[in-house]
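Down below is the structure, laid out as structure tokens.
The values are calculated or read from the model by the stated rules, or taken from the named source; none is laboratory data. In this text the structure is predicted, and so the values were computed from the model without any measurement. All Cβ positions, even for glycine, are placed from backbone atoms using ideal geometry, and neighbour counts span all protein chains on display. Note: accessible area is taken over every heavy atom of the protein model, side chains too, but ligands, DNA and RNA are not part of it. Shrake-Rupley method; radii C 1.70, N 1.55, O 1.52, S 1.80 Å.
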Amino acid sequence: MTGATPVVVRTWATVVEMLAAAATEAPDAEALVFGDRRLTYATYLACVAGFARELDALGARDDRVATLIGNSIEACVAAFAALAAGAQHVPLNPQYTARELGPILADAAPVVLVVDAAMAPMAEPVARRAGVRHVIVVGERARRLDTWRAAEVTLPPPPDAQALALLQYTGGTTGGAKGVDLTHGAIAINVAQRDALLPSRPGDRILCMMPLSHAYGMAMGLFLAAHCAGTLVILSRYLPDEVFAAIQRERIGVFPGSPTVFVGLMSHPDFARTDWRSVHTCYSGAAPLAAATLERWRDAVGAPVYEGYGMTEAGPVLSFNPSGRPARPGSVGVALPLTDLEIVDVESGRQVLPVGTCGEVRARGPQCMRGYRNRPDETALALRDGWLYTGDIGELDAEGYLYIRDRKKDMAIVGGYNVYPREVEEVLFEHPDVADAAVVGAPDAYRGEVLVAHVVLRAGASADAGSLLAHCRANLAKYKVPTRVRLAAALPKTAVNKSDKNALRRLGATDSPAA
């Protein structure tokens, strides 16, 4: 077992108290930047308090508030306001289609949906069918959430640290998304745990290009900035030209990225022409980072890249390469304070394996989830005897550094998003021309992994790879759409007549794409 030595770290019962402390200590400091819009911490807290009181009046306390908002000031204010109102915040991916959104809203049963104006035509009918009582449309062309400018801030009564704070949806092994229940105390202490290994600098300027609806974007953007009273410079999405411009214009100090971002930027002609001297710290998360990529980026930018490991179920961070020591390429670092990591046998999950042996990674700590919403059976599988079973295969070295080697789950990580092939397969099976289908992940230098679909058509079918991809695009978020479709006469099967995905992975690695 490995666990970092417990240390005294500054923490709060909730991240709302963390934001309030930043507003007290640095009221005039710049908190949020989004294009031409800029908010100080005093104004940020006033906007959060004003919208929180409105949500409270709508009956949000002890219920749920869902947000379907792209990166913006509205996304930040709505997230903190939901928490401040004593509601459980349900951040939803703006890339969801109506097909994906409906079951999630039905499962989450929020009392309020706050939706970006661009997505409202799709989302409002879905929300009404799911029984959502209140839909609030926000955005540049609708209602802005930075209109409160009161000098005196009155927050609703603070939520309890043990109350539910976040309901974050992650892919489900049987095709449906699972909602992860996290408490206020879990997410607040996870910020402090990470800061104990990688201390932030007061007033740091942090670039946020990752989705604020994603666990990584919330932890290493939204909450990190409030923790250090720093400036969160928000981009609507990852676009290399906008990243390069923001680095220089805003003098960014902290650069949270992912393998997809690092690879994409280094291949861009403007990378070498950008002045990176203000950047002193880079984080990598959401997917495994190749050692060669880490070294190339570090040497070119002149700032270390600290890689970490976690998952939505872990609030989300479990380990990080600590500052003050050279980052170990290939390792996701050591356990955070108050966190234990063990490697156990894959079959039973009970036998602790020795140093240098591969097995399933299990973890325990105050940041771990309470369970999956409405999924007692899956909760019982993931949480056993006080441990969170991650489904990842890894090993620990003698100094407690963790290395992730494989995945126990049938899952691909595409550009930082977890994708469960079963969901994509179910969409393919709905096409009238499809007789059989299997989807696997394949290595990709840019996205980490991409999806390859292997499809058998029905006799006499007229569909081709292009029409199957169009069907997927109409029913799935962009990152879930396969990049290749291989049409086959039959799929290899195992002895129990399941699709032999190991054989398909080998085939997909060498097969030329059909589309």
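Here are some notes:
- Unmet requirement for residue 201, which otherwise passes all of (1) more than 21 Å from residue 327 (Cα to Cα); (2) at pLDDT below 95: (1)
- Looking across 477, 515, 459, 445, one residue alone is aliphatic (A, V, I, L, M), closer than 30 Å to residue 220 by Cβ and at pLDDT below 90. It is 445.
- Scanning the range 361-371 for residues that are open to solvent by 20 Å² or more (accessible area, probe 1.4 Å) and either under 20 Å from residue 409 (Cα atoms) or assigned to a strand (DSSP E or B) (or both) gives 362, 364, 368.
- Filter pass, residue 450 being within 30 Å of residue 371 (Cβ to Cβ) and either buried (at least 19 other Cβ atoms within 10 Å of the Cβ) or without any contact (Cβ under 8 Å) to a residue 60 or more places away in the chain (or both): no
- Scoring residue 60 on the criteria (1) in contact with a strand residue (DSSP E or B) (Cβ under 8 Å, 6 or more places away or on another chain); (2) aliphatic (A, V, I, L, M); (3) within 26 Å of residue 230 (Cβ to Cβ) leaves a single failure, condition (3).
- Flag: residue 473 does not match the condition of being surrounded by fewer than 17 Cβ atoms within 10 Å (Cβ to Cβ), among the charged types (D, E, K, R) and under 30 Å from residue 291 (Cα atoms).
Yes/no matrix, rows are residues, columns are (1) aliphatic (A, V, I, L, M); (2) touching a residue at least 60 places away in the same chain (Cβ under 8 Å); (3) under 24 Å from residue 186 (Cα atoms):
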residue	(1), (2), (3)
278	no, yes, no
292	yes, no, no
314	yes, yes, yes
341	yes, yes, yes
357	no, no, no
367	no, yes, yes
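- Among the residues of the range 436-482, those that are of a type in the set (Gly, Ala, Ser) and in a strand (DSSP E or B) comprise 437, 438, 441, 442, 448, 453.
- For the range 175-189, the criterion of being of a type outside the set (D, E, K, R), on the phi < 0 side of the Ramachandran plot and open to solvent by 60 Å² or more (accessible area, probe 1.4 Å) is satisfied by no residue at all.
- Scanning the range 490-503 for any residue that is in a helix (DSSP H, G or I), farther than 16 Å from residue 434 by Cα, without any contact (Cβ under 8 Å) to a residue 60 or more places away in the chain and open to solvent by less than 40 Å² (accessible area, probe 1.4 Å) turns up at least one such residue.
- The residues of the range 313-342 that are touching a Lys or Arg at 6+ places or on another chain (Cβ under 8 Å) and either modelled with pLDDT of 95 or more or on the phi > 0 side of the Ramachandran plot (or both), listed by number, are 317, 336, 339, 340, 341, 342.
- Candidate set: the range 395-413, residues that are at pLDDT below 90 and in a strand (DSSP E or B); chosen: the one surrounded by the fewest Cβ atoms within 10 Å (Cβ to Cβ): 406
- Strands (runs of 3 or more DSSP E) (entirely within the range 28-116) containing at least 2 residues that are open to solvent by less than 10 Å² (accessible area, probe 1.4 Å): 30-34, 64-68, 88-91, 112-116
- Residues of the range 10-27 that are open to solvent by 50 Å² or more (accessible area, probe 1.4 Å) and either touching a Gly at 6+ places or on another chain (Cβ under 8 Å) or in contact (Cβ under 8 Å) with a residue 40 or more places away in the chain (or both): 10, 11, 17, 25.
- Scanning the range 117-139 for residues that are under 26 Å from residue 32 (Cα atoms), part of a loop (DSSP other than H, G, I, E, B) and open to solvent by less than 10 Å² (accessible area, probe 1.4 Å) yields a single hit, 139.
- Any hit, the range 294-312, residues being free of Cβ contacts under 8 Å to residues at least 60 places away in the same chain, open to solvent by 10 Å² or more (accessible area, probe 1.4 Å), assigned to a loop (DSSP other than H, G, I, E, B) and not polar (S, T, N, Q): yes
- Sub-7 Å Cβ pairs linking a first residue in the range 221-238 that is closer than 14 Å to residue 281 by Cβ to a second residue that is outside any helix (DSSP H, G or I) and charged (D, E, K, R), at least 6 apart or interchain, are 228/201; 228/204; 230/204; 230/205, ordered by first then second residue.
- Residues considered: 331, 323, 348. Of these, the only one that is hydroxyl-bearing (Ser, Thr, Tyr), open to solvent by 10 Å² or more (accessible area, probe 1.4 Å), in contact with a Phe, Trp or Tyr (Cβ under 9 Å, 6 or more places away or on another chain) and assigned to a loop (DSSP other than H, G, I, E, B) is 323.
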